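Following: one structure in structure tokens, then a few remarks.
The values are calculated or read from the model by the stated rules, or taken from the named source; none is laboratory data. Please read all numbers here as calculations on a predicted model, not as lab measurements. Don't worry about glycine lacking a Cβ; one is built from the backbone with ideal geometry, like all the others, and counts go over all protein chains shown.
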Amino acid sequence: MLSKNEFLILTIVEQSEQKLSQREISELLDVSLGVVNKNINTLKDNGYICNMIITDAGYAALEPYKVKRAVFIAAGFGSRMVPLTLNTPKPLIRVNGVRMIDTLLDAVTAIGIEEIYIVRGYLGEQFDVLKLKYPNIKFIENVKYNEANNILSAVCGKDFLSNAYVFEADLVLSNTKIISKYQYESNYLGIYKDVTDDWVFKSNKNSVISGLGIGGKDCYQMVGISYWNDADGKKLAEDIPSVYNSPGGKERYWDQVALEYCVSNYKVSVRPCSQDDIVEIDTFNELKAIDKTYDV
């Protein structure tokens, strides 16, 4: 098993189009040059890199960390985007000419993920058009999407959460690099905020999530993209139905399972990103502010 620093350095070497110096890697990771030198020597000794190029043994070492599938939660109505969602599911609404979900699907397919699932419900047949551009998509039907919160979509897709990205399908992705083909641990994207009234992570000094809250200062605002390793994905397959079937379970959000109600079963880290990387458009007014073609 790779240490986290070994993993980070090896993935940087694998992704880089040109050889990087140890100092450049140090700056990218924001760690000391001594830490980088020590870990590079270990990687060399194990035969994972040679002349700052990843070897076949290096690829084999990364294989357990490879993302195998992607699951999109896309069954809801999107009431705050009325009138557009009266006739179109929110993930299929175009922002500056591109469907929201396409910005995510393009990033997933670019890193070679072929196993893609979309949990659909409201106006579900309209998602069929995506098969023209993304033929590998498989649909999971949430026929009772209007009877519960999005935890029901997670119940429907529970068997596909191991080694998987899980996306809220109504996000607009600008920086595709945050969707990488290797992940070291289960994590959730978060945007640092001085002050916010949105959902935020409660976390310890090691950025391990210990709960959820609404609003806060000096905190990470929750972004609807997460990754779940093999073990955590299997635990979710058990914990999600359990929470759903508990009193009041239908009203829960799926994220609350691992980050609140069963938090002791998981070790999920905050993975920082920026406001420039991804945009969550909640309301029609927010859409009009981003895409002026709707502001008529």
Elements of type helices (runs of 4 or more DSSP H) contained in the range 14-128, each with 1 or more residues being exposed (fewer than 14 other Cβ atoms within 10 Å of the Cβ) and hydrophobic (A, V, I, L, M, F, W, C): 33-45, 56-62, 100-110
Residue pairs meeting the criteria (Cβ under 6 Å; at least 6 apart or on separate chains; first within 10 Å of E14 (Cβ to Cβ), in the range 57-69; second surrounded by 13 or more Cβ atoms within 10 Å (Cβ to Cβ) and among the hydroxyl-bearing types (S, T, Y)): G58/Y48; L62/Y182
Criterion (touching a helix residue (DSSP H, G or I) at 6+ places or on another chain (Cβ under 6 Å) and β-branched (V, I, T)) met by exactly one of I214, I209: I209
Unmet criterion (only one of (1) under 25 Å from R69 (Cβ atoms); (2) surrounded by 14 or more Cβ atoms within 10 Å (Cβ to Cβ); (3) modelled with pLDDT of 95 or more) for K250: (1)
Pairs where the first residue, in the range 138-156, is within 12 Å of Y122 (Cα to Cα) and the second is part of a helix (DSSP H, G or I) and among the hydrophobic types (A, V, I, L, M, F, W, C), C-beta under 8 Å, 6+ apart: E141/C156; N142/L152; N142/C156; K144/L152; Y145/L152
Count of the range 153-190 residues which are β-branched (V, I, T) and more than 25 Å from L10 (Cα to Cα): 2
Among the candidates N163, N136, residue that is within 18 Å of the chain's Cα centre (by Cα) and either closer than 24 Å to N245 by Cα or modelled with pLDDT of 95 or more (or both): N163
Of the criteria (1) under 28 Å from I191 (Cβ atoms); (2) among the charged types (D, E, K, R); (3) surrounded by fewer than 21 Cβ atoms within 10 Å (Cβ to Cβ), which one K138 fails: (1)
Options D230, D239, D282, D255: the member that is of a type in the set (D, E, K, R) and within 13 Å of the chain's Cα centre (by Cα): D255
Matching residues in the range 262-296 - criterion: being closer than 24 Å to I101 by Cβ and of a type in the set (D, E, K, R): R271, D276, D277, E280, D282, E286, K288, D291, K292, D295
